[in-house]
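Enquirer: Let me begin by handing over the structure; questions about it come next.
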Amino acid sequence: MQVELNKVYVFDVCGTLFHSNTTYDFLLFYFKRTNSVKFFLCRLVLSTPTKAIVVLLSKLGFKPDLRGFLISQLKGESIEQLEKYADRFVKEFLETRKVEFTHNLLMDAKRKGNQLILASGSIDIVVKAISRHLSIKDFFSANLKEDGKGKLTGQIHHDPKGKKESMIFENTLIDPSSLVVVTDNFDDISLIGLSGQAYIISKRKRKKMWESLLKNHPKSQIINA
């Protein structure tokens, strides 16, 4: 691992910085402590049998929006309360699920004065809490709609999922050659293609797929998660 100066490091969050789907894990963390009915519903939706049904429906041409349904459970929830629980979630849950390589890379890059950006499809309440915890000011995330009365509508206002490169380059002045992408997400392949360097956090079962996708990206390095 070599950290260079004057680079812009873009970190994915789920599966990259933490062994966690931070949206789903936060919903379980939050509702377990505040709403037993919604907690049970989220557990049911995230269970192996339900996921198997979703995969089967997808193969038949249907596309159940699992993520959208789960986020809809936040309708009517207090933003102030969610933010307090998000801080607890980072300290009590995510702190024990760090990916060591990426956290070491992040800390080294920060120590050398490089710009850091978190770019995630996770919900903004969680990513904001992570950014505060890591002292990173720049981040992109799924922005949740507010009702104007301090509560959420259960809908996403703006979603960066699969569109990180447009968000990064439209909102910041970055030379692509200075960009270092750190991710485990197949959706980030176009962003990797624009970058000067990339670190891919990969589980063993996904390594062959990554090797195939990265044939034209010689400056990419696969790291075993």
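Enquirer: Ordered by packing density, taken as the mean number of other Cβ atoms within 10 Å over each peptide's residues, highest first, how do 195-205, 28-38, 125-135 rank?
Expert: Ranked from most to least packed, the peptides come out as 125-135, 195-205, 28-38.
Enquirer: In addition: To the nearest 20 Debye, how big is the dipole of the chain about its Cα centre, given +1 on the beta carbon of each Lys and Arg and -1 on that of each Asp and Glu?
Expert: 720
Enquirer: Follow-up. When you take every Cα atom in the stretch 8-224, what is the radius of gyration, and what is Dmax, the widest Cα pair distance, in Å?
Expert: Values for the stretch 8-224 (Cα only, Rg and Dmax): 17.7, 50 Å.
Enquirer: If you build a Gaussian network model of the chain, linking Cα atoms that sit under 10 Å apart, which residue out of Ile189, Ile117, Ile53 swings the most?
Expert: The residue with the greatest mean-square fluctuation here is Ile53.
Enquirer: With the alpha-carbon atoms as the only input, what is the per residue convex hull volume for the stretch 1-84 in Å³?
Expert: With only Cα atoms used, the stretch 1-84 gives 171 Å³ per residue.
Enquirer: Here is a follow-up. Among the DSSP beta bridges whose two residues both lie in the chain, what percent are antiparallel, rounded to the nearest 5?
Expert: Details: 5 of 27 bridges.
Of those bridges, close to 20 percent are antiparallel.
Enquirer: I've got another one for you. Which distance in Å, rounded to a whole number, links the C-alpha centroids of the stretch 59-96 and the stretch 164-210?
Expert: That distance is 25 Å.
Enquirer: Mean separation of Cα pairs under 8 Å and 6+ residues apart, divided by the residue count of the stretch 44-141: what relative contact order is that in percent?
Expert: Taking the mean separation of contacting Cα pairs over the length of the stretch 44-141, I get 22 percent.
Enquirer: Expressed in nm to one decimal, what extension gain is obtained for the pair Ser47 and Ser135 from 0.36 nm per residue of sequence separation less their Cα-Cα distance?
Expert: Taking Ser47 through Ser135 to full extension adds about 28.3 nm, to one decimal.
Enquirer: I would also like to ask the following. Hey, what number do you get for the chain at 222 nm if only DSSP H runs of n ≥ 4 count, each worth -39500 (n - 2.57), divided across all residues, to the nearest 500?
Expert: -13000 deg cm²/dmol
Enquirer: While we're looking at this one, here's another question. Expressed as a rounded percentage, what relative contact order does the chain have, with Cα pairs under 8 Å and six or more residues apart?
Expert: Once divided by the residue count of the chain, the mean separation gives 25 percent.
Enquirer: May I ask which residue of Phe62, Ala86, Met107 lies farthest towards the positive end of the charge dipole of the stretch 60-113, with charges of +1 (Lys, Arg) and -1 (Asp, Glu) on Cβ and the Cα centre as origin?
Expert: Highest projection toward the positive end goes to Met107.
Quick note: the coordinates plus some simple rules give every number you see, no bench work behind them. Since the model is a prediction, treat every value here as computed from it, not as a measurement. Heads up, the Cβs are rebuilt from the backbone with ideal geometry, glycines too, and the neighbour counts pull from every protein chain shown.
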